[in-house]
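The structure appears right after this line, and notes come after that.
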Amino acid sequence: MDIDFLLNGESVTLRGVEPTRTLLDWLREERGLRGTKEGCNEGDCGACTVMVTDDRGARALNACILFMPQLQGKAVRTVEGIAGPKGELHPVQQAMIDHHGSQCGFCTPGFVVSMAVAHLNGDTGHDDALAGNLCRCTGYAPIVRAAEAAADQPVPDWMRELPEGLIADPQHAPESADALAELYEARPEATLVAGATDVGLWVTKLMKELPDLIFLNRCKDLQEIEETALGLRIGAGVTMDRVMEAVKTRFPSYAGMIRRYGSAQVRNAATIGGNIANGSPIGDNPPALIALDATLHLRKGDARREMPIGEFFIDYGKQDRQPGEFVEAVTIPAQADRLKVYKLSKRFDQDISAVCGAFRIRVEEGRVSEARIAFGGMAAVPKRATAVERAITGKPWTDETVMGAWDAWEKDFAPLSDMRASAEYRLDAARNMLSRYLLEDLGAPSNVLEVMP
Amino acid sequence: MPDTLDPHVRFGSNSGQPVTRRDGLAKVTGTATFAADNTPDNMLYAVFVPAAIARGRVTGLDTEAAAAHPGVTHVLTPQNRPPLQGDPSDKPTMFSFRFEALQDDSVRYAGQPIALVVAETLEAANEGARLLNPKYERLTPRTDIDDAEPYAFEAAGFGLPANTVHGNPEAGHASAAQAIDVTYETAPQYHNAMETHAVVAKWEGDHLTLDMPSQAISMSCAGFAYYFGIPAENVTVRSPYLGGGFGSKAIPTGPYVLAILAARMTGRPVKMMLTRQQMFGPVGHRGQTRQRLRLGADDTGRLTVIDHEGIAATSTFDDFVEPAANASQGIYAAGALRSTHRAVKLDIGTPGPMRAPGEASGSAVLECALDELAEKLGLDPLELRLKNYAETEPGTGKPYSSKALRECYAQGAERFGWNSRPRAPGQMRDEDGLLVGWGMGTAFFPCPMFMAEANATLRADSTAVVETSAVDMGQGAWTALAQIAADSLGLPLDKVDFQAGRSGLPDGGVAGGSGHTATAGGALHAAGGDVIRQLGEIAAADPDSPLYGAGNAGFVARDGRLYVAGDESRSEAYTDILARSGGAEIAGNGSASRAPETAEQHAMNAHGAVFAEVKIDPDLCQMRVTRLVGAFAAGRIINPRLAESQLFGGMIWGISFALHEEARHDHKRGHIVNADLAGYHVPVNADVSGLDVITVHEEDPYVNALGIKGVGEIGITGTVGAIGNAIWHATGKRVRRFPIRIEDLLTS
């Protein structure tokens, strides 16, 4: 494929690039820019963090799972471009030196870029901005102190840049959903690539051959968030950082879960459509969307259909999607917020859920009038707890009702034991989540997230 | 001040200062060159194929398909591998393990190299490796610690810990009024430095140049020279920056040897960089342990016996055994002490030293067992430790070279607020209803010294160059050792050109065992002292010098001037002394090691006390460490900024040990299921909060010339036990395995 982008302020024109070439490999092996490091090659450690700017602004992304075609028309800054053209240090670099933010120094370029992006965007939520960068030496505190110290310094001129709006290869990177629909109907065997936070691993870790790729990142019309009569319609190409913003006030518990969904680098790349379409039993979006009674919009050519999102997940690795059909959007119906999402994981950030439960329970006159409960990590697909829902619906909203549903849980779920948690823990934690919802609803102060530092 | 420092060197003008790291600029701008950043012209890439089974043999490799792939230049298998001159099963140096370098078709653990593909590009090498499509004959793998019988062994050097008995353990058990008998397990852990192992190997005739991260440069040269049949001086190792080491980068490994072999075979430079997944196998790990601790105490809480038995997993073909039980020697004043070790041979890669080997696993269990005893005795955990405070080394009766542990307990407890801790568990909740628990543990680590040599040359312009093949794996050698060197020469830091991080310099020793600053620093200190001694002799003998005839009084060296000791009105600049002497440079050298008789006279340990607070969700059992206070006494601190960072890092490793790190085997197939950073957890920023380090003042006139005890490893000890104890205190549930998992706390 042909790719044009800015690299550290300079135009780069590439022709005939292998579409699954990652930016990290290209930087290190071809371009000779070796400041960007490889720590894991699968988006877990942040050592390869680069800054990517497009018309939505600058974001930190993991270069190791970023395919070159995703850069079309964008601007990339690596650690070599964070210092100024004359070698002037960026304020975060000076602060990292002053506050002893680097020890062995291998993770440092990635931290510096994450910090510089947050600095540029005026983002002072340093803990969140740095959640995707692993350090094995210093223990983060000096790094966070450096980020705080640099926060008030002005943004250097060279950090502000606007990429040129260049046209990509229309056969592999369509510019609209219509163009995508046509391409994909004609080439249903092609692999769709949105953020590549999953597909990237097929290449870097599983060494899969992907003969035909269609990149979705140029389809602007898939990246819109609209308030419609039916509710909040989120385009399939909307990245998770934007989903988090969109649901922050409507469903704060959902937003709180997304904050722990991957790292900033992963949220900035991953799309809601990708997370639904890959059908993972441990994806964190589907339980929340099922509980919210969201509608999935699918499209094949000019034909569109919709379904309650829970029906999309048929079995492990199997979704209700025809060849050539793609997820176009998801709509969350307008509703009063009754949602609580509980993500249980061992490590606070960047951890796959052992159990992710989403609960939406409406109560009228002291009785449960409607219950929608859905889980990830408890079955081969994201799954509703229909027996539990039946067991509590119509009953008084009390501890007795919750306890009365005890046996229903085992009708809904027979979870597996694996390295994330035992089957017993999963089932008991799920039960306790319902108790927790009740307690919180009745005013007892308890929130898993508040354990956070 | 009692001090063995040379009296003519004033110490402390550079040392003791929180200088920022001298390599900081290179690191924040991405210009620090790590091994894999080297890309010489005409270079090839090598990728090894890891075994997908844990036991059996390779029956088929599609070498034709791999060799036919465009860009692939060579495919190495046991059938065509060129010979090595040294046997991979030999142990030519202290840091040598037996390794696999395609000797035969057997598979001894998952992840073992079974073939090597060399290609013009990394992509081609990877694709060639995939095309080999290995076929296996599988045997039932043994990866569970119960899959084989433990065996005893005679202590025989590195990796085989001693069995040690002091006093009469049986009498100790018999006389105990209260006793506990508990068994704990610790998980296999992998170093996972952020930089994976990497090498760029280049041959020029029979001279070999290696760009690679090495914690032991001279010993690496000797080791590689052995396998390739060349003199050690023909091996150049360049290791200016290591992206972390933690013990895994001291030892020649099979992948390295294969890459070097490929370079010799092709006559071209070869780069090999391990993937993160490949780090779980051929490059060492902290072995799994099962430890039984039997403690006895009299009615007042005085220990009658500490009886510590360790079983550790090791490989079928080598014998490194995690020396966990040794952690019970030398810390508490028990009537009798016994530490024994046995090993279990499994189909796993050979374990090796990983940050605080033995002490980390052993102290985790010892400190928890002590808490169990304290509970039984109705004593506060700190009180129990103070009752058994060792004034001299238990067992041997040797005096400590210094020991400010009591101050560590006091200052740590004060900062933490330990006094308000309720004794019974499950008593504290925070405002959100979370269970809160407090626990503590004693930290300690020995103060070994290795051998190091250094040169120092003072130039006519009062600048100096100092040289030793010391290693900076992140701890700050580029900075702290330069501070010591500058002090030894009486020069400001910016006047000293510090050369290190490669072979061809005087042997800087090993960066490990928390002994590198003391050892390499000692050599630099001696080399600088040698220069100053010569300079003083020149001045004292020079009638034109204000220092003429003052040789008997001795000199003080400071800021490029020599002063007469006791009469600082008489002084002269180095430049003036040297100018009159013909402007010649003065070269000095020095070495450092610990004489056996010195080692016999004192017990030498760094000490500390760690206090932990955890909060636990009562319904969902999620655990967070919310506060850690560590107070450490580690002798002279050369650079407080660097030392605190090392201690923080160690304590975070303690969090990691207690709650996160664990390689999980699929025991049916024998491979590790979480061999990546998504599944093998190290703490993220949010897992670490409220860390506080106190460095307790301590002067040690005996431990070494500089009074340095080392800070690299002690932080992990004490911390693990403190967290385990805090979890008990929060929940009343005693979990006897690490890491502690959420489901371990499930009570319903």
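The values are calculated or read from the model by the stated rules, or taken from the named source; none is laboratory data. Because the structure is predicted, anything quoted here is derived from the model rather than measured. Backbone-built Cβ (ideal geometry, glycine too); neighbour counts: all protein chains shown. We work out accessible area using only protein heavy atoms, side chains counted, and drop any ligands, DNA or RNA first. Shrake-Rupley method; radii C 1.70, N 1.55, O 1.52, S 1.80 Å.
Before we move on, is residue B:94 crowded, with 16+ Cβ neighbours inside 10 Å and away from chain A (no Cβ under 13 Å)? First the steps, then the outcome.
Working: crowded, with 16+ Cβ neighbours inside 10 Å: yes; away from chain A (no Cβ under 13 Å): yes.
It is true that residue B:94 is crowded, with 16+ Cβ neighbours inside 10 Å and away from chain A (no Cβ under 13 Å).
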### Task
State whether the residues of the range A:183-194 include one that is assigned by TED's automatic domain parsing to the domain that holds residue A:93, open to solvent by 70 Å² or more (accessible area, probe 1.4 Å) and over 21 Å from residue A:53 (Cβ atoms).
no
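Which of the residues that make up the range A:405-438 are hydroxyl-bearing (Ser, Thr, Tyr), under 17 Å from residue B:741 (Cα atoms) and in contact (Cβ under 8 Å) with a residue 60 or more places away in the chain?
Looking only at the range A:405-438, we keep the residues that are hydroxyl-bearing (Ser, Thr, Tyr), and these are A:417, A:422, A:425, A:435, A:437.
From what is left, the residues that are under 17 Å from residue B:741 (Cα atoms) are A:417, A:422, A:425.
Passing the criteria: only A:425.
Table: residues versus (1) surrounded by fewer than 24 Cβ atoms within 10 Å (Cβ to Cβ); (2) not in a loop (DSSP other than H, G, I, E, B).
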site	(1), (2)
A:26	yes, yes
A:35	no, no
A:42	yes, no
A:45	no, no
A:50	no, yes
A:61	no, yes
A:69	no, yes
### Query
So which residues in the range A:89-142 are more than 7 Å from chain B (Cβ to nearest Cβ), more than 25 Å from the chain's Cα centre (by Cα) and touching a residue at least 24 places away in the same chain (Cβ under 8 Å), if there are any at all?
A:90, A:91, A:92, A:94, A:95, A:99, A:101
### Task
Select from the range A:126-141 the residues that are in a loop (DSSP other than H, G, I, E, B) and in contact with a strand residue (DSSP E or B) (Cβ under 8 Å, 6 or more places away or on another chain) and list them in ascending order.
A:132, A:133, A:139
### Summary
So, first residue within 14 Å of chain A (Cβ to nearest Cβ) and free of Cβ contacts under 8 Å to residues at least 24 places away in the same chain in the range B:423-445, second residue in a loop (DSSP other than H, G, I, E, B) and open to solvent by 30 Å² or more (accessible area, probe 1.4 Å), Cβ within less than 6 Å, six or more apart or across chains; the pairs are B:432/A:445
## Note on the structure
The condition from (1) at pLDDT below 95; (2) open to solvent by less than 10 Å² (accessible area, probe 1.4 Å) that residue B:607 misses is numbered (1)
### Task
Consider residue B:60 carefully, then state whether it is touching a His at 6+ places or on another chain (Cβ under 6 Å), over 27 Å from residue B:157 (Cα atoms) and at pLDDT 95 or above.
no
#### Entry: In the range B:682-697, the residues that are crowded, with 23+ Cβ neighbours inside 10 Å and either away from every other protein chain (no Cβ under 14 Å) or in a loop (DSSP other than H, G, I, E, B) (or both)
B:683, B:684, B:688
### Message
Given (1) at negative phi; (2) without any contact (Cβ under 8 Å) to a residue 40 or more places away in the chain; (3) not aliphatic (A, V, I, L, M), identify the lone condition not met by residue A:74.
### Response
(2)
### Summary
Exactly one of B:145, B:180 is farther than 30 Å from residue A:202 by Cα, within 29 Å of the chain's Cα centre (by Cα) and more than 14 Å from every other protein chain (Cβ to nearest Cβ), and that one is B:145
### Task
Please indicate, with yes or no, whether at least one residue in the range A:382-405 is within 14 Å of chain B (Cβ to nearest Cβ), farther than 25 Å from residue A:243 by Cα and either among the aromatic types (Phe, Trp, Tyr) or crowded, with 16+ Cβ neighbours inside 10 Å (or both).
yes
### Task
State all residues of the range A:154-182 that are among the hydrophobic types (A, V, I, L, M, F, W, C), within 26 Å of the chain's Cα centre (by Cα) and exposed (fewer than 14 other Cβ atoms within 10 Å of the Cβ); if no residue qualifies, say none.
A:162
### Task
State which residue is farthest from the other protein chains (Cβ to nearest Cβ) when the search covers only the range B:101-132 and only residues that are closer than 17 Å to residue B:278 by Cα and either open to solvent by 50 Å² or more (accessible area, probe 1.4 Å) or of a type in the set (S, T, N, Q) (or both).
B:108
### Task
Could you list all residues from the range B:41-66 that are touching a Ser or Thr at 6+ places or on another chain (Cβ under 9 Å) and either under 14 Å from residue B:121 (Cα atoms) or in a loop (DSSP other than H, G, I, E, B) (or both)?
B:44, B:45, B:47, B:54, B:55, B:61
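Against the definition (of a type in the set (Asp, Glu), within 14 Å of another protein chain (Cβ to nearest Cβ), open to solvent by 50 Å² or more (accessible area, probe 1.4 Å) and out of contact with any Ser or Thr (no Cβ under 8 Å at 6 or more places or on another chain)), how does residue B:391 come out, yes or no?
Details: of a type in the set (Asp, Glu): yes; within 14 Å of another protein chain (Cβ to nearest Cβ): no; open to solvent by 50 Å² or more (accessible area, probe 1.4 Å): yes; out of contact with any Ser or Thr (no Cβ under 8 Å at 6 or more places or on another chain): yes.
No, not satisfied.
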### Message
Checking residue A:353 against (1) among the small types (Gly, Ala, Ser); (2) more than 12 Å from every other protein chain (Cβ to nearest Cβ); (3) surrounded by 18 or more Cβ atoms within 10 Å (Cβ to Cβ): exactly one of these is not met. Which one?
### Response
(2)
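Every residue, every condition in (1) over 24 Å from residue B:385 (Cβ atoms); (2) at pLDDT 95 or above; (3) among the β-branched types (Val, Ile, Thr), yes or no:
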{"site": "B:280", "(1), (2), (3)": "yes, yes, no"}
{"site": "B:285", "(1), (2), (3)": "yes, yes, no"}
{"site": "B:291", "(1), (2), (3)": "no, yes, no"}
{"site": "B:315", "(1), (2), (3)": "yes, yes, no"}
{"site": "B:319", "(1), (2), (3)": "yes, no, no"}
### Message
I'd like to know if the range B:634-647 contains one or more residues that are open to solvent by 10 Å² or more (accessible area, probe 1.4 Å), under 30 Å from residue A:425 (Cα atoms) and assigned by TED's automatic domain parsing to the domain that holds residue B:431.
### Response
no
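Within the range B:133-146, can you find the residues that are surrounded by fewer than 16 Cβ atoms within 10 Å (Cβ to Cβ) and either in contact (Cβ under 8 Å) with a residue 24 or more places away in the chain or not in a loop (DSSP other than H, G, I, E, B) (or both)? Spell out how you get there, then give the answer.
The first filter runs over the range B:133-146 and keeps only residues surrounded by fewer than 16 Cβ atoms within 10 Å (Cβ to Cβ), leaving B:133, B:135, B:137-140, B:144, B:146.
Answer for the range B:133-146, where residues must be surrounded by fewer than 16 Cβ atoms within 10 Å (Cβ to Cβ) and either in contact (Cβ under 8 Å) with a residue 24 or more places away in the chain or not in a loop (DSSP other than H, G, I, E, B) (or both): B:133, B:135, B:137, B:138, B:139, B:140, B:144.
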